[in-house]
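The values are calculated or read from the model by the stated rules, or taken from the named source; none is laboratory data. Everything numeric here is computed off the predicted structure, so don't read it as measured data. Note that we place each Cβ from the backbone using ideal geometry, even for glycine, and neighbour counts take in every protein chain shown.
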Amino acid sequence: MPTVRVQQADFDTGRELETLTRGRVDVGAVASFVGLVRDANDGHAIRGMTLEHYPGMTEKALEAIVAEAHGRWDLVDTLVIHRVGALAPGERIVLVGVASAHRGEAFAACEFIMDYLKTRAPFWKREDTPEGSRWVDARASDDAAAGRWD
Amino acid sequence: MPTVRVQQADFDTGRELETLTRGRVDVGAVASFVGLVRDANDGHAIRGMTLEHYPGMTEKALEAIVAEAHGRWDLVDTLVIHRVGALAPGERIVLVGVASAHRGEAFAACEFIMDYLKTRAPFWKREDTPEGSRWVDARASDDAAAGRWD
Amino acid sequence: MTVTILYFAALRERVGVSHEQVALPPGAPTVASLVDQLRSRDARWTEAFAPGKTWRVSVNQHMADTATPIKPGDEVAFFPPVTGG
Amino acid sequence: MTVTILYFAALRERVGVSHEQVALPPGAPTVASLVDQLRSRDARWTEAFAPGKTWRVSVNQHMADTATPIKPGDEVAFFPPVTGG
């Protein structure tokens, strides 16, 4: 049963990934991704960031992305956790975990979910730099990454 | 500093992945993979399996694969843990974790390491089925997956 | 007819409003006609929706575009391209 | 000159030996000449290295092939295609 959560609190990567396989013997592969706050971006020093989202729509958008992944690949279970609010460098932002019988499908679906999340889920980052705070611009490279799956 | 371990004991996925980012603020992406024992393979019921390896050469082969990944992509740190000995369905076999500034490199390197590990690291699986035990045959699909990186 | 409008992130800061109720004139309103109406309000909206500005819109929490029709009671949200992950 | 030979997995079970010391005749031995020598021993080795059988070889823990030369004291290992992960 796919899990989607948007929360301010941190998450325990290992414990969350465990839920994808606990009590199961049909999972041969778990691919996962964790995104973290870096202390620099595009040459700017980053003191921290604030993640804004669109409550309600964000969850719907993530669920739609996960459903799309389950339609494209033969997956056993999927997990997406995304944090919002204020985050410091080094903190976790997002976890995507995909369980499947085989590794090819798990890797593809995990990367697909991240690429779609980056371009279709309503989150916005504001970075705090020594010169003040600024909204992060969307990246053409993220659009290109998502376009690979068309 | 890349880590390569071959061990009989299980590993704690979350704690191992933590070592890739602890005290760091330059990692934006951690891609990881866990392989697990399934209770069926190619239509055969699997009661368990035994993983044999070539002590010394296995570690060297894994280190060479990791070094190759660091040469191909800009990675911060890498982790490979592979278990040997008797494993039951549901048990973890292998963990690969890759930390990088950006997700594209982390995903690519993680999948590359798994594809090369599957075809170049001296491990052999013997499966226990209700009809007796049998050595697992190498898969053409694994050769094809590794060939993508040539 | 009235609709609820939400603004997020940089777009919210530009117009200085996070949400509001807006009355639409009779007819067959679309996202395009709503944006025209907002642009005519004052400089903040004119600027936020000026030609060349990139924005996204959702209607009832589904991604939409300028041709999407709007019904009474709809929730219309405007925001910049997304940057999560 | 002698070399150490290791056998792994299905190949080890086929020949019934996990490791051994083997004396090589003088000359410029290669993996190919070593395999010829082993094949001539008895049915187990003939069978294990019969044409059409797939096997891999390493010399001193690096992947090798039939043309790889062998020096005194080398560690030569024979095994099936790998199946870890």
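Against the conditions (1) touching a strand residue (DSSP E or B) at 6+ places or on another chain (Cβ under 6 Å); (2) at pLDDT below 95; (3) of a type in the set (S, T, N, Q), A:THR78 satisfies every one except (2).
Residues are listed down the side, and each one gets a yes or a no for (1) within 12 Å of chain A (Cβ to nearest Cβ); (2) small (Gly, Ala, Ser); (3) out of contact with any His (no Cβ under 7 Å at 6 or more places or on another chain); (4) assigned to a loop (DSSP other than H, G, I, E, B):
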residue: B:VAL6; (1), (2), (3), (4): no, no, no, no
residue: B:ASP26; (1), (2), (3), (4): yes, no, yes, yes
residue: B:VAL30; (1), (2), (3), (4): yes, no, yes, no
residue: B:PRO55; (1), (2), (3), (4): no, no, yes, yes
residue: B:GLU68; (1), (2), (3), (4): no, no, yes, no
residue: B:GLY104; (1), (2), (3), (4): yes, yes, yes, no
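State the number of residues belonging to segment C:60-85 that are in contact with a helix residue (DSSP H, G or I) (Cβ under 7 Å, 6 or more places away or on another chain), surrounded by fewer than 21 Cβ atoms within 10 Å (Cβ to Cβ) and at the interface with chain A (Cβ under 7 Å from one of its Cβ atoms). Within segment C:60-85, residues that are in contact with a helix residue (DSSP H, G or I) (Cβ under 7 Å, 6 or more places away or on another chain), surrounded by fewer than 21 Cβ atoms within 10 Å (Cβ to Cβ) and at the interface with chain A (Cβ under 7 Å from one of its Cβ atoms) number 1. When A:LYS118 is tested against (1) in a helix (DSSP H, G or I); (2) closer than 30 Å to B:GLY90 by Cα, exactly one condition is not met: (2).
The selection criterion, being surrounded by fewer than 16 Cβ atoms within 10 Å (Cβ to Cβ), at pLDDT 95 or above and more than 29 Å from D:PHE78 (Cα to Cα), does not hold for B:ARG47.
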